[in-house]
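S.K.: One structure is given below, represented as structure tokens, and several questions about it will come after.
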Amino acid sequence: MDFVTGTPERPECQKCGLYKLARKPFISPVVERKDQPVDVAFVGDSPSREENVKGEPNAGRVGKLLDRIVDGSAFRTANATFFNCIQCYAGPEGKGDAKPSTEQMRCCRPLLLQNLEAVKPKVVVALGQWGLRALLDDGTATLGGKKPNRLRSLDIPGLSWNPSLAACTYHPSATYQLQPHIPEVIKEDLGWI
């Protein structure tokens with residue numbers, strides 16, 4: 001799936017300290033075909049190190065893996081967009097990128113909701129627990145592991161409209177955490193959605 005960078009307006013934000021780490025403080029949401037309604041919006045955690053350097057969405061290995069997963073799923077022909085629950089790079093942590101804190105997600109949540117309102121996707125898919133926590137505005141929400149829990153329908157507080165379906169699945173980065181079966185699980189989940 002080839003994503004094209006979107007261009008939402010964003011005021012300079014210094015609500016949390018992440019703006020100090022970000023080379024590119026805002027990664028624009030991406031929409032494949034801007035002239036058509038958005039079918040699905042994926043909500044992940046934060047821009048990767050590669051996205052921070054390049055200022056482009058899905059520039060890192062996890063973003064590219066997500067592209068391949070979507071291309072091989074029931075959503076391959078969908079007009080898709082991708083958002084992060086925080087807009088600035090969260091910095092390094094061990095061998096990977098740091099995960100967002102509850103405070104950081106709450107600081108960025110108004111922008112996430114604004115972006116969702118702008119495109120009004122038919123389906124919203126939270127990728128992993130951080131996407132889920134940001135959408136639900138709940139710092140302790142978890143995926144639940146088993147399929148019926150993972151693929152539950154979600155009510156997203158703060159939206160002026162309701163998508164046809166809001167659900168959650170694993171984040172593709174789990175593939176690199178010794179769980180190589182995750183891309184197939186995500187494809188299966190997307191087929192259910």
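S.K.: Got a sec? What order do CYS85, CYS16 fall in by accessible area at 1.4 Å, biggest, i.e. largest, first?
M.R.: I get CYS16, CYS85, largest accessible area first.
S.K.: Oh, and also: Would you tell me the accessible area of GLU103, worked out with a 1.4 angstrom probe on the heavy atoms of the protein chains, in Å² to the nearest 10?
M.R.: Only protein atoms counted, so the area is about 110 Å².
S.K.: Follow-up question, since we're still on this one. Determine the shape class of the range 73-141: with a ≥ b ≥ c the square roots of the Cα gyration tensor eigenvalues, call it rounded for a/c under 1.5, and otherwise prolate if a/b is greater than b/c, oblate otherwise. Provide the component values of the computation, followed by the final result.
M.R.: Values: a/c = 1.94, a/b = 1.44, b/c = 1.35.
Prolate is the answer for the range 73-141, as a/c is 1.5 or above and a/b outweighs b/c.
S.K.: Roughly how many nanometres apart are two label points built 7 Å out from the Cα toward the Cβ at LEU165 and THR102?
M.R.: Between LEU165 and THR102, the label points sit 3.1 nm apart.
S.K.: Output the pairs from LYS15/LYS54; LYS120/LYS187; LYS64/LYS122; LYS15/LYS122; LYS99/LYS187; LYS64/LYS120 with a Cα-Cα distance over 27 Å in this structure; if there are none, say none.
M.R.: Checking Cα-Cα distances, LYS15/LYS122 exceed 27 Å.
S.K.: Please give the contour-minus-distance gain from LYS120 to GLN36: 0.36 nm per residue of separation, less the Cα-Cα distance, rounded to one decimal in nm.
M.R.: Extra length from LYS120 to GLN36 when fully extended: 29.1 nm.
The values are calculated or read from the model by the stated rules, or taken from the named source; none is laboratory data. Just so it is clear, the model here is predicted, and its values are computed rather than measured. In this analysis, Cβ positions are derived from the backbone assuming ideal geometry, glycine residues included, and neighbour counts consider all displayed protein chains. Surface accessibility is based on the protein's heavy atoms, side chains included, excluding ligands, DNA and RNA. Shrake-Rupley method; radii C 1.70, N 1.55, O 1.52, S 1.80 Å.
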